1. Which pairs have Cβ atoms under 7 Å, sit 6 or more apart or on different chains, and link a residue in segment 65-91 that is in the same structural domain as Leu135 (by TED's automatic domain parsing) to one that is of a type in the set (Phe, Trp, Tyr)?
2. Going through segment 101-139 one residue at a time, which ones are among the hydrophobic types (A, V, I, L, M, F, W, C) and either surrounded by 15 or more Cβ atoms within 10 Å (Cβ to Cβ) or not assigned by TED's automatic domain parsing to the domain that holds Gln71 (or both)?
3. Can you work out which of the residues in segment 62-75 that are within 24 Å of Thr130 (Cβ to Cβ) and surrounded by 13 or more Cβ atoms within 10 Å (Cβ to Cβ) is modelled with the lowest pLDDT?
Amino acid sequence: MRMATQYEINRCILGLTVLVLTLCPGTIAQDQEAAGPEQRSGSFSRTVDHLLNYLNMAGTTKASDFQPLNQPERNDIYWKTMVNPLGYLKAGFSAGIDQWKDKPPEWEQGMSGYGKRFGNIVGQYSIQRTVTFGLSSVICISPSSAT
């Protein structure tokens, strides 16, 4: 099996980035059509905030303004991270790398092996998010500071 060069890997990452940025405006346009005129200016920033919800400080921009999350806010973040399309894109990319490296070798190549790898990675991410959510709910901390 041929090893990819750094140039080929960078082209693949660039292609995935272009794909995500190409698909996002369609989602934003649908949101803007349904939104009223007073909500349209913030649709783009809300969409970006929902997609890139990895560095969450409960809506604050300065650490001094930070307030711990309450349970409904924690629930909202959990559900958004479970359906975040970037999480599935990341899992697909990771499954592709594992497929390329034939990891684990017990899973065959082709779509069957890729599907097993993808399901495995999505399962790992889901378990991590669920355990983090459960523990943060029990000990009352922000999910973003638990990871």
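1. Cβ pairs passing all conditions: Arg74/Phe133; Tyr78/Phe133; Gly87/Tyr125; Ala91/Phe118; Ala91/Tyr125.
2. Once the filter is applied, which keeps residues that are among the hydrophobic types (A, V, I, L, M, F, W, C) and either surrounded by 15 or more Cβ atoms within 10 Å (Cβ to Cβ) or not assigned by TED's automatic domain parsing to the domain that holds Gln71 (or both), segment 101-139 yields Trp107, Phe118, Ile121, Val122, Phe133.
3. Leu69
The values are calculated or read from the model by the stated rules, or taken from the named source; none is laboratory data. Quantities reported herein were computed from a predicted structural model and do not represent experimental measurements. Counting neighbours? That spans all protein chains shown, and the Cβs are built from the backbone with ideal geometry, glycine included.
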